[in-house]
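Notes for the one structure printed next.
The values are calculated or read from the model by the stated rules, or taken from the named source; none is laboratory data. Since we're looking at a predicted model, the values are computed, not measured. A quick note on method: Cβ atoms are made from the backbone with ideal geometry, for glycine too, and the neighbour counts reach across all protein chains shown. For accessibility, only protein heavy atoms count, side chains too; no ligands or nucleic acids. Shrake-Rupley method; radii C 1.70, N 1.55, O 1.52, S 1.80 Å.
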Amino acid sequence: MRFWNNVRLKPALTVLFWVSMGQVASAQGNTSELYWYVDGQKQTWDWMPDKFAVQVSADAESKPLTTSFLSKKAPVTSATEKFLEFEFTAVMPASSKQNHIDEILSTYHTNEVLPVLYAKGTYVPVYIDDQVMVRFKSQSVSIAEVSAFMQKYDLTLQNQDVWSLAQSGKQVFIFRMNSNTLSYTAGHLAAKLFEQEKSLVASAQPNRLNLVQVDGEMVDPSSNPAFYKSWHLDNNGQQLFCSSKSGTNDADVKVKDTWNLGYTGQGITVGVIDIGGFDYNHPGLQGQLMDGWDCINNRSYNSSNFFFSDANQGHGMGVTGIIVASSGNGATGVAPGARVAPLLISGSEASIVLALQKALELNLDIVNMSFAIGYSEAVKQQVQNLVNLGRKKYGTPLGTIIIASHGNNGADDAISPQWPAAYDEVLSVGASTPDDRFKTNSDPWNVGSTWATNYGDLVDLAAPGVCIYTTDIAGSAGYSSTDFGGLQKTSAAAPIVAGVAALLLSKNNSMTWEEVRNTLLNSADKVHSGEYNYSHDAAKAGHSREMGYGRVNALKALGEIPVGVSDEPTFELATNIKVVNPVQNNQVEIFYPGTLLEQDMQVGIYDMNGRLMKQQLLGRHEEFVSIDVLDMTPGMYFARFMYREDELVQTVKFVKLW
């Protein structure tokens, strides 16, 4: 991987790695120590001078070694990346080692050699590259100060767009070292910056490359009708498409009922931070994807230049479809009226930081992260920035709602916390089953693999996580051989909650992130209260260690929030809108007070499943428009009037009789 298309460490420099590192004996072989600071505390790593790693393509691991002086270890994978480790098996001069390194670089078509680190007391490798993530103490740090800082340490700023955000919060700057070697890494520099630039630098850490892990899996669909497969939206006790088992009536999130009230997520934007790639041409996502960002190469990502970092990895597509897939095209999202901004990441820490900064820059309403990482101070800072500074409405930040998967290891989160779900500002979602229970290893809902959702004091909500019918990369790529499949585990549960949050905001988009969070928690169904103790902690009344505050219920959540302008119009613009559907000519006639408009208003006509059927601009200074509905089938529809892009003015139901 050439992160952001910059050439990395050149092979000729790697000789310094072998001649300058101190070595001590350990159970793992020759070991040196490397440290940097996390939350102000020194964090020390074991550093293996006789090992190195390279990043390789998916099929490269099968290439044979031509030297007996190196041994090849089993590949290490992270998200869409694969790394191979090599270890020298004999003592030799540095120049001879360099020759063998050059041969590896040539064999695997890469110019990057990575040091191998281990967290103390573990055998789990960590790889860092030549980037360092820095947060300055002053949020008003000047361009001149940063320029002098870069010149002093020979750095290049990678996320240039951070300047548009820097004055509004404690942003993380991502720098690349111009002259690093494997004997002086980004880890060394991070420690030096924290120790020697105390008046300027608040934190500094290197970029860990193999940080992200995803654990969702796709099960193949059958020939059942698409909506019949969507038990999480409407569970009437039907047999699951991926299992011989049948669910329990009403063990769903009550989404259809909210659509019937006219709330489908219209006007709401959701950032999906995920891996693999997003298919703008997918038949189930037409018009559902807005422009996003390629956080691997730091460039735009849209319908004109989207790509797949791993064509076999359909995780991001599965998550996206659960939120916004359009009905009638094979799968239906929880909030088909909302739109998703794809934020494509790799397995690296810096790509997540950049994705969170782009979510702030794009002013997204909701962000979903269905993956696991180790604790990251840099990611934590950007999460806090999103809830404190994000989702601005008329200049006032209401806070972005952030949702993440709780994990699938069947582990107590007090022992094995999983970030980003474990951050205080993030809604952490566990997985429930088609019979409204906490997913365990021993239950009858193991399809494809045996798995269990994590549990403990940190889980906030449960949502369906077994066989959730959704989009895959179109064609034979992705998880399945078709355009659709069933994503499962907490990777699928989190976007269901993200979709429900979009439904709430489509009713009232003036709620703060805390109000949305509290509404979701307070309205959740405390299912199987005889099995799960919802009063185990007096400080967290209504919380259980298995289901959190319960299984999410969209209809109850909508009933708890104050009605927005759409249902109780309080100003002249809303009260003077009239919709008429003459029987004779198949026209919907709209009368409105255009003389009160400062800019054009927009009306969308939706069916009761949330599909957009018609869209029309209502011009300033006009008072009437007629929309042809001849091609629409008889039935109930609703017209939604939007003003200034994100202000819901009014929702009006009408019936087409002919």
Exercise. Ignoring ligands, DNA and RNA, what accessible area per residue does segment 407-477 give at 1.4 Å, in Å²?
Worked result: 29
Exercise. Local charge sum around residue 42 (other residues, Cβ-Cβ under 15 Å, Lys/Arg +1, Asp/Glu -1)?
Worked result: -2
Seminar exercise, completed: Excluding residues fewer than 8 positions from residue 526 in its own chain, the lysines with Cα under 16 Å of it are 254, 439, 540, 556
For this session: Work out from phi, with θ = phi - 60° and the Karplus expression 6.51 cos²θ - 1.76 cosθ + 1.60, the ³J(HN,Hα) of each residue of segment 192-200, listed in order in whole Hz, and give x for Gly and Pro.
Result: 5, 5, 5, 7, 9, 10, 5, 7, 10
Problem set entry | Solvent accessible area, Å² - residue 86, 1.4 Å probe, full protein context | 0
Problem set entry | Residues in segment 356-379 that a label on residue 393 would reach, taking backbone N under 16 Å of a point 7 Å out along Cα→Cβ | 363-367
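I want the local charge near residue 270. Using Cβ-Cβ distances under 12 Å, sum +1 for each Lys or Arg and -1 for each Asp or Glu among the other residues.
Its environment carries a net charge of 0.
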Exercise. Using alpha-carbon pairs under 8 Å, 6+ residues apart, how would you state the relative contact order of segment 320-401 in percent?
Worked result: 20
Problem set entry | Stretchable slack from residue 307 to residue 139, in nm (0.36 nm times residue separation minus alpha-carbon distance) | 57.0 nm
For this session: Please list, or write none, the lysines whose alpha carbon is within less than 20 Å of the alpha carbon of residue 358, excluding same-chain residues fewer than 8 places away.
Result: 170, 380, 392, 393
Problem set entry | Label-point separation, residue 633 to residue 409 (7 Å along Cα→Cβ), nm | 4.9
Problem set entry | DSSP bridge pairs, segment 274-423: antiparallel proportion in percent, nearest 5 | 45
Exercise. Residue 129's amide H: which non-local residues (gap 5+, or another chain) put their own amide H closer than 5 Å, with H modeled 1.01 Å from N in plane and none for Pro or chain starts?
Worked result: 207, 209
Exercise. Mind checking which aspartates and glutamates have their C-alpha under 12 Å from residue 152, skipping anything on the same chain fewer than 8 residues away?
Worked result: 197
Problem set entry | Rounded Å value of the spacing that divides the Cα centres of segment 417-432 and segment 287-338 | 22
Exercise. Projected area of segment 337-466, taken from the Cα convex hull and averaged over every viewing direction, in nm²?
Worked result: 9.1
For this session: Could you please report the charge total around residue 170, scoring K, R as +1 and D, E as -1 over all other residues with beta-carbon less than 12 angstrom from its beta-carbon?
Result: +2
Exercise. Taking amide hydrogens as modeled 1.01 Å from N in the peptide plane, which residues meet the under 5 Å criterion relative to residue 43, leaving out close sequence neighbours?
Worked result: 36, 37, 38
